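Notes follow once the structure below has been shown.
The values are calculated or read from the model by the stated rules, or taken from the named source; none is laboratory data. None of the values given here were measured: they were computed from a predicted structure. Please note: Cβ atoms are built from the backbone with ideal geometry, for glycine as well, and neighbour counts cover all protein chains shown. Please note that ligands, DNA and RNA were not included when accessible areas were found on the heavy atoms of the full protein model with its side chains. Shrake-Rupley method; radii C 1.70, N 1.55, O 1.52, S 1.80 Å.
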Amino acid sequence: MTEPSARTVNPTARPPLLSRLGSLGPLLGLLALMIVATALNSDFLTVSNLSNVLTRASFIGIIAVGATFVIISGGIDLSVGSMAALIAGSMILIMNALGGTGGGAGVIAVGMLCALAIGAGAGLLHGTFIARGRIEPFIVTLGTLGIYRAVLTYLSEGGSISLNNTLSDAYSPVYYGKLLGVPVPIVIFAVVALLGGLILNRTRYGRYVQAIGSNEQVARYAAVDVNRVKVITYMIQGICVALATLLYVPRLGSASPSTGILWELEAIAAVIIGGTALKGGSGRIWGTVVGAMLLLSIENVLNLTSVISVYLNAAVQGVVIIVVAFLQRGKRS
Amino acid sequence: MTEPSARTVNPTARPPLLSRLGSLGPLLGLLALMIVATALNSDFLTVSNLSNVLTRASFIGIIAVGATFVIISGGIDLSVGSMAALIAGSMILIMNALGGTGGGAGVIAVGMLCALAIGAGAGLLHGTFIARGRIEPFIVTLGTLGIYRAVLTYLSEGGSISLNNTLSDAYSPVYYGKLLGVPVPIVIFAVVALLGGLILNRTRYGRYVQAIGSNEQVARYAAVDVNRVKVITYMIQGICVALATLLYVPRLGSASPSTGILWELEAIAAVIIGGTALKGGSGRIWGTVVGAMLLLSIENVLNLTSVISVYLNAAVQGVVIIVVAFLQRGKRS
Amino acid sequence: MVTGGGHLTAVPAVAFRSVTKAFGPVEVLHGVTFDIGSGEIHALIGENGAGKSTLMKILGGYQPQSSGEIVLDGQPVTFRSSREAEAQGVVLIHQEFNLADDLSVAQNVFLGRELGGALLDDTGMNRQAQAALARLDVQLDPRMRVRDLSVPQKQLVEIAKALSRNARVLVMDEPTATLTRRETDVLFALIRRLRDDGVTVLYISHKLDEVQALADAVTVLRDGAVVFSGPAAGRTPHDLANLMVGRELEEMFPDKGRPTRTEALHVGGLDVPGWAHDITFTLQAGEVLGFAGLVGAGRTELFEGLLGLRRHTVRQVRVAGRPTRIDSPGRAARAGVVYLSEDRKGKGLLVNALLRPNLTLMTLQQYARPLLDIRAETRALERAVTTYGVRTGRLDVPASALSGGNQQKLALARILEVDPDVIVLDEPTRGVDVGAKREIYLLIQALAQAGKGVIVISSELTELLGLCQRLLVVREGRVAGDLSGDELTEQEVIQYATGLKARAPALEAAPR
Amino acid sequence: QTKQVMGVSIPSADHGWTGGVVYWANETKKELEKMYPGLTVIVKTAKDANEQANQIQDMLTVNKINALVILPQESAPLTRPVANLKNKGVFTVVVDRALTDPKAQDAYVAGDNPGLGRVSGEYVGKTLGGKGNVVVLRGIATVIDNQRVDAFEKVMKDKYPGIKILDKQYANWNRDDGFKVMQDYLTRFPKIDAVWAQDDDIAVGVLKAIEQAGRKDIKFVLGGAGMKEMIKKVQDGDPLITADVTYPPNMIRDAMLLTAKSRMTGAAMPKTTIIPSVLVTKANAAKYYFPNSPF
Ligand SMILES: Nc1ncnc2c1ncn2[C@@H]1O[C@H](COP(=O)(O)OP(=O)(O)OP(=O)(O)O)[C@@H](O)[C@H]1O
Ligand SMILES: Nc1ncnc2c1ncn2[C@@H]1O[C@H](COP(=O)(O)OP(=O)(O)OP(=O)(O)O)[C@@H](O)[C@H]1O
Ligand SMILES: O[C@@H]1[C@@H](O)[C@H](O)OC[C@H]1O
Ligand SMILES: [Mg+2]
Ligand SMILES: [Mg+2]
């Protein structure tokens, strides 16, 4: 169109620097916590402690990366904790069964593949119920939360399912080993997070997830295959849970009905502390990573100090969560 | 251009009769469950069993009535279970302290008032953080979930807090007594539900709750005091939790760090099974009532029969929840 | 025509004094100063993004001005909220709907000032809401949920809501954008009655003939500044248009091209349950085919059905001569068929997302290499912004920061990015200024010229008549008339649309 | 004897120990129904105190039980509901977690929680020779946890003042929490001589954390309850798991057998049966090893 040029766009206007800085809320929260922690116990900042914390954060962190996608798409998955327990249990049973015939690495690889397949399958189930069955995600995953844990309890007869010893030894480097001096779980967490960020921000699928969370109807009219994208999203969540479980099993070599209890709340909390809105539409993976680190650091700091009655640990966590969320909001608006 | 008057926007808009009928989903689910239950064990339909089930549904039901308001307003309250535990504990401590000086009815009345005050206060806190602090409800109440439970653990030093015996006897009619032949909890549940329905549908406040959940900006433009309405909503939730606790204490006479664990999920499930959408805007109290009855009936049926391995109880509940949600959706769209 | 003559009264009802408004670093209103006489109908016109809505939001208390002053009946006022403005009798009807979808019509009309004591008087509110709607000659069950209303119905509810508030100064921001002629006429009669009762009416519209018919006075905004303010008498739509764009506007409608003999789209026996029955038509490449009909005739639903957005059955669809099954917008797009929704906010744009993802949502595969090339997307946005004249201060803003008309251009740009062969445009110029409208018309003809098939659904008959080589008139979900050549007159269309004339034995009914 | 219906209400299998309880209850049901043809046994699990209260009510109203064997989720909240059943003529036997009002139960079959703490304290004190640093990982905040920890601390205070309890944190009878808490203890305390984990699930996590950190200062880890994997370790002479203290989930079996016998034969049931917590060492481990139990 030929309009006077004075009114054309000015693309070089300043980037919203201030709002960028503001969105660093969770990072600032993490820094503040680290400073307090170091003041309380100087061992906090040792490499070995930080590496412990990061390694632990990997579980919840990897699950939370998946949850970031689900939440941005406007959904929720409450089942992640019991899904992890079920995957861990099934994986161990499968590996034990195969392990009888010997053959360490092969058996472990098969077990891992099965775990990933179960995770993806559970996600497929959720996604199908939610997208095609049009049932609220909250309900679907609340239902499967009960189902998965019950099935695990059934499989384990209420006890625990343990990996047999030779396999356990062969598998343990996956948790306890290091790659270039960095513990394997941290490496995997980093890879998952980077990949997650890339998928969310730099692929068509990621864009569609954001569009659907922002306004499903608009996405539908814009030729996005909404059902398919949703199904994939829950599958990604399932695969993330399976990945976390791959790291979990070599750690203790067992699964029991109390494995993964309340992980869903931790994962969702990590996502939201990280600055993704529960109502969907937009969010960020790095925030989730920071959120997971923050949550796990609180626990760690409480264990490292005795300033506060043990009875009140949960209260401290609660206060920190609220404060960080508050700071972040303050910066954001 | 003079056009014939046929042009008006179609006035004969069909009344949403079909959709009304469809919305009976949860009721149909409840009926189906009752038929199955009776087939499995004919004692299910006895007055005494039904009255047991209804009495139990009162706890979660009353909490869920509050949760209906919160969810319609577009919020969520994850803290209800630990709030109940804290209220129960504080109430017992207060009554025991006063009880030393004798005076049954008076002490109990004071205890009840304190419980209501604590509930309302917790709600005020939530509402203020959420409305004025603009923090996600999920985060605020996840935080207070931890805090309340920790405070209770602290008060009880990790053990349990029990009502002393004389008070316990004086208080017990509130749970075990009957009014005109109907157990007191059922009467209270009915009153709360009716009142809830009235407030939601026939008062300004109820209207504003729906408007805010539907579109906060529109409500703000319409000069609705959004913050105030939100605060009141969380206070109603708190008061409902306190009311439920008033019935809980005479029944079990104690509180401990494990009181009320996961009640939030049950309450939210009741609301959503009842046909209120998690994203807010609209919902219905009667649906919530049916939802609570449905959830508690599942437990009851499982207790009455031994068709299924005890390990799988949770799985049955999960399946029923999903199926009911599916039926309801089928009818609705 | 001028009857109000409010101009002559000493104290203006509303006076803007050097009002400016900046969003961040971008100033969109620059020292706006003009008067609105008491009891007059005052039109405010200007191009998309000129700042009309912004100015009115300031008057209505929805946004604060950056500087300057608003004087109401001689008294400077500061409204900190719409509540305060309404308390002084200033009521605004928004350009974008401002309704809670989950509430009923009556509940929306009375939101914030419900009737009744401790318990609400729903019967009373329903009755009064119905009465308010009846003043607009609309009959609508006030208990219906707004979610279930059509766009025009929502607009009418929005108007009824404002009317029921006893305004002294009533601001209407493009109230007729979605209304038909008849509804518009009813509304105009009502506005005149209000004026006669002493209400001052501020009226924003892109339909300049309406302005001419209705307004006592007119103010023209261009780029956030007043370029004219004075009596409307004697100003033709053409004059007004020139004032708006600041130069001589050419003929509104470019020459119609000629369809080719190549078939672009054939639809045979389309049924959309409850909306459209046995729809059969053929669109040629290079043709601009109009769909006329009354609101509620089912045109929107017909095409939503065709695209697979609603349940439907169809005997046959051919795109470019090849039998094609279309069951989703995705398949349609791959087959080269795109659809622009009439519901911009609900189905058109991700209002909270940035302009860039909005533009490229349908064509992401072009930027996937395999990772999305954000820079290429940005270049596409820069290109589109220039090509379609989207006016925005900056590129990295959410779509919600665009003015209504510019949002429409963005939505149009998105579907054209697909480079489709068949383009279905549902109300393409809704809320678009004259200048831009003309650009869109040019674009449509250019597309046809380039061999595309274009379908236009519009409530503006002039638009259809000016653009289309052929018109199908839809009545109660069926094609009632097929007009071309000399038959393309308002008279004909209306006769078919209202059932006074029925369709001659169909030319196209027989499947080939 | 007439027909008898015995209800067994236990916590659901939410961790190892309760898993063992569920296993033994189901096994014993089969055993008893074979032994006494007139007896029906109904085993039900409950996820929390509230549900358990509901459950025993259902057993009375619908299943019409004459006897109840209950391992309460929690003591205090189930006192009144059990009393209600007793008042309606049901013979009530409480297992492990005593009711707050003993009048509510006809008989009590108990694990010995203070005993567990005491035996553990004695072992830790003696093995360390009265000197050293100990960390304590507690269970879930409950009465039994308090009883165990109090008894343990009392032994330390009274008999082994030279032993220092560095810190105690909740590990919730959970392996993951055991791992995390121990990891942090290892960071925080450069010298730890022994760990009292109080429960074998927790001990599993503790062992892994020690192994990972490669710390050599810790002389032993004492769990509790008698999980089969741990008993096996004791038997096999594991360097860190040198002993265990029993708190056997099959106490539910003892209770069910005693109850059935008294119901079916009319024999009087002892008012209180205490199943002592005993120290398991390499010498007697074989006696406490049940490979078929899930726990
Ligand atoms: N919230 C906002 N943030 C940034 N810029 C905004 C915002 N709202 C409006 N603008 C800008 O202000 C200018 C004026 O917009 P306004 O909506 O007033 O235009 P208008 O004259 O009503 O146009 P239309 O005819 O298209 O409705 C536009 O350039 C728009 O992009
Ligand atoms: N019989 C009806 N009952 C209820 N609502 C109706 C009825 N007829 C029409 N409407 C409403 O009017 C709206 C307009 O109908 P539709 O969009 O199909 O007409 P159209 O021909 O596309 O008109 P428009 O020019 O508005 O696009 C419908 O979406 C519908 O909500
Ligand atoms: O479940 C608990 C178990 O883990 C602990 O060791 O002993 C007491 C039980 O109640
Ligand atoms: Mg505008
Ligand atoms: Mg239409």
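Axis of helix D:251-265 versus longest Cα principal axis of chain D: the two differ by about 20°, to the nearest ten degrees.
On a 0 to 90° scale, report how tilted helix D:143-159 is relative to the longest principal axis of chain D, with both axes built from alpha carbons and the result rounded to the nearest 10. It works out to around 40 degrees. Mean separation of Cα pairs under 8 Å and 6 or more residues apart, divided by the residue count, gives chain C a relative contact order of 16 percent.
Remark: accessible surface ordering of C:R258, B:R220, B:R204 (largest first) is C:R258, B:R220, B:R204, probe radius 1.4 Å. Accessible surface ranking for B:E299, C:E248, 1.4 angstrom probe, highest first: C:E248, B:E299.
If you sort the three axes of the alpha carbon gyration tensor as a ≥ b ≥ c, you get a/c of 1.5 or more for the range A:148-224 and a/b no higher than b/c, which makes it oblate.
Treating r as the C-beta distance of D:I274 and B:V182 and R0 as 51 Å, the FRET efficiency rounds to 0.70.
If you take the beta carbon distance between C:L190 and C:E96 as r and set R0 to 25 Å, what does 1/(1 + (r/R0)^6) give as a FRET efficiency, to the nearest 0.05? Could the numbers behind the result be given before it?
Values: r = 22 Å, r/R0 = 0.88.
For R0 = 25 Å, the calculated efficiency reads 0.70.
Only protein heavy atoms count here; on that basis, with a 1.4 Å probe, B:L198 has an accessible area of about 80 Å².
Residue ranges C:267-274, C:470-477 sort as C:470-477, C:267-274 when ordered by packing (mean number of other C-beta atoms within 10 Å per residue, highest first). Between the listed residues C:L372, B:L27, A:A170, the Cα displaced farthest toward the positive end of the dipole of the protein assembly as shown, a dipole computed from Cβ unit charges relative to the Cα centre, is found at A:A170. Contact-buried residues of the range D:160-189, at a threshold of 40 Å² lost accessible area versus the chain by itself: D:Q169, D:Y170, D:R175, D:D176, D:F179, D:K180, D:Q183, D:D184, D:T187, D:R188 (1.4 Å probe; DNA, RNA and ligands ignored).
Working note: Karplus 6.51/-1.76/1.60 with θ = phi - 60° gives the range D:82-88 the couplings 5, 4, 4, 5, 4, 4, 8 Hz, where Gly and Pro are set to x. Placing unit charges on the Cβ atoms of the charged side chains and taking the dipole of the range C:382-485 about its Cα centre, the candidate lying farthest along the positive direction among C:L483, C:A411, C:A401 is C:A401.
Hey, got the dipole for chain B? About the Cα centre, +1 on K and R Cβ, -1 on D and E Cβ, debye to the nearest 20? Write out the running numbers ahead of the final one.
Numbers: 20 positive and 11 negative charges, 223 e Å.
It works out to roughly 1080 debye.
Which value, in debye to the nearest 20, gives the size of the charge dipole of the protein assembly as shown about its Cα centre, when Lys and Arg are +1 and Asp and Glu are -1 at the Cβ? It would help to have the intermediate numbers written out before the result.
Numbers: 138 positive and 116 negative charges, 371 e Å.
Here the protein assembly as shown has a charge dipole of around 1780 debye.
Annotation: amide H-H contacts under 5 Å for C:V90 (H modelled 1.01 Å from N, sequence separation of 5 or more, or interchain): C:R168, C:V169. Amide H contacts for C:G224 (H built 1.01 Å from N in the peptide plane; partners 5 or more residues away or on another chain; cut-off under 5 Å): none found.
Rg/Rh, computed from the Cα trace of the range D:247-295 with Rh as the Kirkwood radius, has the value 1.08. So if I take the centroid of the Cα atoms in the range A:166-230 and the same for the range D:1-37, what is the distance between those two points in Å? That distance is 46 Å. Between A:L198 and A:L124, the contour length at 0.36 nm per residue exceeds the alpha carbon distance by 24.4 nm.
Rounded to the nearest 10 degrees, the inclination of helix C:122-135 to the longest alpha-carbon principal axis of chain C is 80 degrees. Quotient of the Cα radius of gyration of chain C and 2.2 N^0.38 Å, N being its number of residues: 1.00.
Count Lys and Arg as plus one, Asp and Glu as minus one, and take only other residues whose Cβ is under 13 Å from that of C:G198; the net charge is then 0. Summing charges over all other residues whose Cβ lies under 12 Å from the Cβ of C:R258, with Lys and Arg as +1 and Asp and Glu as -1, gives +1.
With the simple spin-label model, which puts each label point 7 Å out from Cα in the Cβ direction, the C:R311 to C:V26 separation comes to 4.4 nm. Between the alpha-carbon centres of the range D:172-194 and the range C:87-128 there is a gap of 62 Å. I'd like the projected area of the protein assembly as shown, averaged over all directions, using the convex hull of its alpha carbons. Report it in nm² with one decimal. Average of the hull's projected areas for the protein assembly as shown equals 58.2 nm².
Farthest toward the positive end of the dipole of the range C:14-245, out of C:Q130, C:S53, C:V245, is the Cα of C:Q130, where the dipole comes from beta carbon charges about the Cα centre.
Under the simplified labelling scheme, the C:R80-B:T46 pair shows an inter-label distance of 6.6 nm, with each label point 7 Å from Cα along Cα→Cβ. Placing dummy labels 7 Å off each Cα toward the beta-carbon, the span from A:V110 to B:L113 is 7.2 nm.
The residues D:M256, B:M34, sorted by heavy-atom accessible surface at 1.4 Å with ligands and nucleic acids left out, run B:M34, D:M256 from largest to smallest.
The B-D contact accounts for roughly 2800 square angstrom of buried accessible surface, both chains included, probe 1.4 angstrom.
Bridgeable lysines around D:K233 (alpha carbons under 21 Å apart, same-chain partners fewer than 8 residues away excluded): D:K126, D:K208, D:K216, D:K219, D:K282, D:K287. Cross-link reach is defined here as a Cα-Cα straight distance under 18 Å, omitting same-chain residues fewer than 8 places apart; for D:K103 the lysines meeting it are D:K86, D:K88, D:K271.
Where only DSSP H runs of four or more residues are counted, chain A gives -23500 deg cm²/dmol as its mean residue ellipticity at 222 nm, each run worth -39500 (n - 2.57).
Classify chain A as rounded, prolate or oblate from the Cα gyration tensor: take a ≥ b ≥ c as the square roots of its eigenvalues, call it rounded if a/c is under 1.5, otherwise prolate when a/b beats b/c and oblate if not. In terms of gyration-tensor shape, oblate. For A:R207, the shell of other residues with beta-carbons less than 11 Å away shows a net charge of +2, using +1 for Lys and Arg and -1 for Asp and Glu. Above 34 Å lies some portion of the pair distances; for the range C:14-245, what is it as a whole percent of all C-alpha pairs? Tail of the P(r) past 34 Å holds 14 percent of the pairs.
How large is the accessible surface per residue of the range C:14-245, computed with a 1.4 Å probe and reported in Å² as a whole number? Mind dumping the intermediate values first?
Values: 7760 Å² over 232 residues.
Dividing the accessible area of the range C:14-245 by its residue count gives 33 Å².
Across peptide C:106-112, what mean number of C-beta atoms from other chains lies inside 10 Å of a residue's C-beta?
On the way: counts 0, 4, 5, 0, 3, 12, 12.
The per-residue average across the peptide is 5.
Using amide H atoms built 1.01 Å from N in the peptide plane, name the residues 5+ places from D:V280, or on other chains, whose amide H lies under 5 Å from its own. The list, which skips near neighbours in sequence, is D:D244, D:V245, D:T246. Our note on the geometry: Cα centres of the range C:398-419 and the range C:473-495, 31 Å apart.
Averaged over the residues of B:249-261, the number of partner chain Cβ atoms lying within 10 Å of the residue Cβ comes to 6. A Förster radius of 22 Å, combined with the Cβ-Cβ distance separating C:K256 from C:T387, puts the computed FRET efficiency at roughly 0.50. Helix by helix through chain A, keep the DSSP H runs that span 18 Å or more along the axis on Cα and average at least 1.0 on Kyte-Doolittle, and give those back in order. Answer set is A:25-40, A:47-72, A:80-99, A:104-127, A:137-156, A:184-202, A:226-252, A:285-304.
Over every Cα atom in chain D, the radius of gyration and the widest Cα-Cα span, Dmax, amount to 20.1, 66 Å. The mean sequence separation of alpha-carbon pairs under 8 Å and at least six residues apart, normalised by the residue count of the range C:14-245, gives a relative contact order of 28 percent.
Rounded to the nearest 20 Debye, what is the dipole magnitude of the range B:127-259 about its Cα centre when Lys and Arg each give +1 and Asp and Glu each give -1 at the C-beta? Walk me through the numbers before you get to the answer.
On the way: 11 positive and 5 negative charges, 99 e Å.
So the magnitude is around 480 debye.
By accessible area, using a 1.4 Å probe on protein heavy atoms only, the range C:14-245 has 46% of its surface on carbon and sulfur.
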